[in-house]
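What follows is a short report on a single structure.
The values are calculated or read from the model by the stated rules, or taken from the named source; none is laboratory data. Note that the coordinates shown come from a computational prediction; the quantities given were computed from them, not determined experimentally. Don't worry about glycine lacking a Cβ; one is built from the backbone with ideal geometry, like all the others, and counts go over all protein chains shown. Remember, those area values only see protein heavy atoms, side chains included, never the ligands or the DNA or RNA. Shrake-Rupley method; radii C 1.70, N 1.55, O 1.52, S 1.80 Å.
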Amino acid sequence: MSFASETAKALNAGDAQGAPKAASAKVAARGVNVHYGEKHALKDVFVDIPEKAVTAFIGPSGCGKSTFLRCINRMNDTISTCRVTGEITIDGKDIYDRMLDPVLLRARVGMVFQKPNPFPKSIYENVAYGPRLHGLARSKAELDEIVVRSLRRASLFEEVKDRLDDPGTGLSGGQQQRLCIARAIAVSPEVILMDEPCSALDPIATAKIEELIDELRENFTIVIVTHSMQQAARVSQRTAFFHLGSLVEEGATDQIFTNPKDRRTQDYITGRFG
Amino acid sequence: MGGRVAPVYFSLMVALAALAFMAARARAQQVSRGEALHSRPIYHGLFAACFVLLPMLAIYAIAVPLASGAIERQSLMAADPALLDDALRRGAAFREIQDLAAGRFSGRPSPAIEAGAAVFAYLSGLARWGVGALGLSVGLVGLLYALRAVTPLFRARNRFEAIVRLALLVCAGIAVLTTIGIVFSVLFETIRFFQKVSPTEFLFGTQWSPQTAIRADQGGSSGAFGILPLVAGTALISTIAIFIAGPIGLFAAIYMAEYASPRFRAWAKPVLEILAGIPTVVLGFFAALTVAPLVREFGAMLGLNVASESALAAGIVMGMMIIPFVSSLSDDVITAVPQSLRDGSLAMGATHSETIQRVVLPAALPGIVSAFMLAISRAVGETMIVVMAAGLAANLSFNPLDAVTTFTVQIKTILVGDQEFDSAKTLAAFALGFVLFFFTLTLNVIALAIVRKYREQYD
Ligand SMILES: Nc1ncnc2c1ncn2[C@@H]1O[C@H](COP(=O)(O)OP(=O)(O)OP(=O)(O)O)[C@@H](O)[C@H]1O
Ligand SMILES: [Mg+2]
């Protein structure tokens, strides 16, 4: 706990000085290219994603943010036309290694989708899904504990504690999204990928999720795709700007928003295009 | 008389309607030059066309049956007034009269028939002109009225809307009334049956042999109407069928929906659909000539005594028949499970088959159950295969190697050949039909209820 907050502070301090540090990179991409059939969707991306911090991906629609996000947990494998080249490492290990099982990788790299997608099961079963799948609990009591803890961390527990057996699909949109976050963190992943997690939510639900992301930063490495500059500025420590399939600029969030190096970044954040 | 007047009448009607359409539209266009219309000219045209069509249709529907009845009575009267009271000879005589009038009569007609034919020909001609003239004048009146109605304020668009609604309502009404009519006619015959045979005997009797003595001196056929052997036979065959079609159909559907490449799917689905299109009589002789002997040989190899017609053979082929139902309906519901749920599960680190097992199938379960129900009700209602492969013997048996019989087969057996309409035997067919109808209705209602519940689940 204290270690985590130390790291976070250190990172913040680093940000304040505007000196991006890649030393504690959790995820590192080296020359990543993605093709959908003939279409070259992602061009030669190099980026470091620091541990226990929030990294935001911004950029105009269709620039490849989601594509890159899905490379990190190899969800692109499920798209038959998609081809990924280059190297992505987590903790220094290549995740596209032949020997690596993508199914196990996805247990370590959780994902929260743009549209909340709870399973048509009870709230409890939604959160218990991952732990059951990976045999994380040896007893019912242990499973109960994981579920409750995950719901607490997703700050949903108080709202649903009396109706854990009700279907998860019966919750409001914001609650569903927090349920999906609880589901993702129940397996204690190391990295959580969020693809526009607030795009379907109202400002109040959005504020809750942002608060939650800020708390989760203590324990998880978080990557968030967002179309809201304000959101990126509020929740992230680092920001990466994508344009037409290329990573244009990447750095501490403060620096990107106050003093962008690239003209295109400047135009985008000031709303001149995109 | 309907036969020869109809083409002329209806072409006149269509022509007049087309004329009304164009005239009213033209008039509306003319009016609209002076003043803004409430409705666009085309609606005035459509309204005028309806105003010609509907009255003319109504005249035809009312006048033709009336005239036909009167002509029949008059021509029979001219032939021989005694015919009118003789139900048996009446129909035959009238047919002769019609044939003679149409010049199709072979042989020498009797003078009475000749007299009748003369009256028939005269009256038919009269009626043809009468109905034609009446219809035409009603149509013209409609046309004139509709033309006069073309004014800027006239709400032709709303009127036409009302006519469309009426037409749709009539069609819906016909569909519903037909169903209700069939149900009630079966119900009434069933009630008549229960006046002859007690419901308890029918529902709980263990003997089924519907042969009743037609003459008092025939022996040994008092008739027994216990349906339990039929229930057992139907249940046995349907169970065998669903045990075959259920797993195969479901797994085929899972493969098609989840694993098959689009190319494989593109030809495999139509092939399955063709299986659904094979006439059951073809499957029936396949069952009788191919499967039943195989079952028998196989049984003999194991030292079992298999009847030459067995429930097993019929059940196997019936299972093949309903595989496409199970697979194509299940395929639909599995495909309907949103991709986002699959992604959610995969992103949690589940494998494809774990995802299918834990997320896709539970989400699709209600739909799959209703697919099974529909397949069962299809199996229960099937006749040809059982007639050919399982025999007619009403054994109360749950042994799949015995010959058994089912509801539908017995209905068919009872109603083939000459019938006495109010014998218990004939009426029994209606009672069987009613029970069958009630059973499949229940299955369908349950299936529908499940489907409805399922719809709410992930929307
Ligand atoms: N499954 C796919 N098949 C083919 N092309 C795809 C596929 N998914 C994405 N693309 C293409 O790849 C490019 C990048 O798409 P991506 O979804 O990564 O954009 P994005 O930055 O997430 O956009 P948005 O902000 O609108 O979500 C787009 O041009 C898109 O058309
Ligand atoms: Mg996207």
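In bins 10 Å wide, starting from 0, what share of all Cα pairs of region A:124-177 does each bin hold, as a percent? So the P(r) values, bin by bin, are 24, 56, 19, 0. Relative to the globular-protein estimate of 2.2 N^0.38 Å, the Cα radius of gyration of region A:62-123 stands at 1.26.
For chain B, the longest piece that avoids every one of the GluC sites (Glu not before Pro) found in DSSP loops with at most 13 other C-beta atoms within 10 Å covers B:36-419.
Projecting the Cα atoms of B:ILE59, B:GLY34, B:TYR122 onto the charge dipole of region B:2-170, computed from C-beta unit charges around the Cα centre, puts B:GLY34 farthest toward the positive end.
With all protein chains present and a 1.4 Å probe, how do B:TRP208, B:TRP267 order by accessible area, largest first?
Numbers: B:TRP208 20, B:TRP267 150 Å².
Descending order: B:TRP267, B:TRP208.
I'd like the mean, over residues of A:104-116, of how many other protein chain beta carbons sit within 10 Å of each residue's own Cβ. Intermediate values should be presented prior to the final figure.
Working: counts 1, 1, 7, 4, 1, 2, 3, 5, 2, 4, 1, 2, 2.
Partner-chain Cβ atoms within 10 Å, mean over residues of A:104-116: 3.
When region B:221-454 is described by a simple charge dipole with +1 on each Lys and Arg Cβ and -1 on each Asp and Glu Cβ, the residue from B:ILE414, B:VAL369, B:LEU436 located farthest towards its positive end is B:VAL369.
B:VAL445 contributes about 80 Å² of solvent-accessible surface, heavy atoms of the protein only, 1.4 Å probe.
So what is the relative contact order for chain A, in percent, with contacts set as C-alpha pairs under 8 Å and at least six apart?
On the way: 508 pairs, mean separation 76.0, N = 274.
Contact order relative to length: 28 percent.
Within the full protein context, the accessible area of A:ASP162 is estimated at about 140 Å² for a probe radius of 1.4 Å. Listed here are the pairs A:LYS26/A:LYS65; A:LYS161/B:LYS453; A:LYS115/B:LYS453; A:LYS26/A:LYS208; A:LYS26/A:LYS121; B:LYS269/B:LYS412; which of them are more than 28 Å apart at the Cα? Exceeds cut-off: A:LYS26/A:LYS121; B:LYS269/B:LYS412.
In chain A, the C-alpha radius of gyration followed by the widest Cα-Cα span (Dmax) gives 18.4, 57 angstrom.
The alpha-carbon atoms of region A:192-243, seen along their principal axes, cover 28, 27, 16 angstrom, with the largest extent given first.
Per residue of A:128-138, other chain Cβ atoms within 10 Å of the residue Cβ number 2 on average.
What you get for region B:2-170, charging only the Cβ of Lys and Arg (+1) and of Asp and Glu (-1), is a dipole of about 880 debye around the Cα centre.
Mind pulling the per residue volume of the convex hull built on the Cα atoms of region B:2-170? Å³ is fine. Don't skip to the end; give the middle numbers.
Working: hull volume 19.7 nm³, N = 169.
In region B:2-170, the Cα convex hull volume per residue is 116 Å³.
Sort A:ASP214, A:ASP262 by accessible area with a 1.4 Å probe, largest first.
Numbers: A:ASP214 70, A:ASP262 40 Å².
If we order A:ASP214, A:ASP262 from most to least accessible, we get A:ASP214, A:ASP262.
Projecting the Cα atoms of B:LEU294, B:ALA6, B:LEU76 onto the charge dipole of the protein assembly as shown (Cβ charges, centred on the Cα centre) puts B:ALA6 farthest toward the positive pole. Directionally averaged projected area (region B:150-207, Cα convex hull): 6.3 nm².
For the set A:TYR96, B:TYR122, A:TYR129, B:TYR259, the ranking by accessible area, highest first and with no ligand, DNA or RNA atoms included, is B:TYR122, B:TYR259, A:TYR96, A:TYR129 under a 1.4 Å probe.
Size descriptors for chain B, from the alpha-carbon set: Rg then Dmax equal 31.4, 97 Å. Determine the total buried accessible area between chain A and chain B, counting protein heavy atoms only with a 1.4 Å probe; round to the nearest 100 Å². Looking at A and B, the buried total is near 1600 Å². Which trypsin sites (Lys or Arg not before Pro) in region A:79-168 pass both tests, a DSSP loop state and at most 12 other beta-carbon atoms within 10 Å? Hits after loop and neighbour filter: A:ARG98, A:ARG138, A:LYS161.
The reciprocal of the average 1/r between distinct C-alpha atoms defines the Kirkwood hydrodynamic radius, which for the protein assembly as shown equals 33.7 Å. Within chain B, the selection of entire DSSP H helices by a Cα span of 18 Å or greater along the long axis and an average Kyte-Doolittle value of at least -0.5 returns B:2-34, B:41-79, B:87-102, B:111-148, B:156-196, B:228-254, B:262-277, B:311-336, B:361-381, B:424-457. Simple point charges give the picture: +1 on the Cβ of Lys and Arg, -1 on the Cβ of Asp and Glu, and for chain B a dipole about the Cα centre of about 1860 debye.
Using heavy atoms of the protein chains and a probe of 1.4 Å, the accessible area assigned to B:LEU100 is about 40 Å². Angle, helix A:203-216 long axis vs. longest principal axis of chain A, Cα atoms, 0 to 90°, nearest 10? Approximately 90 degrees, to the nearest 10.
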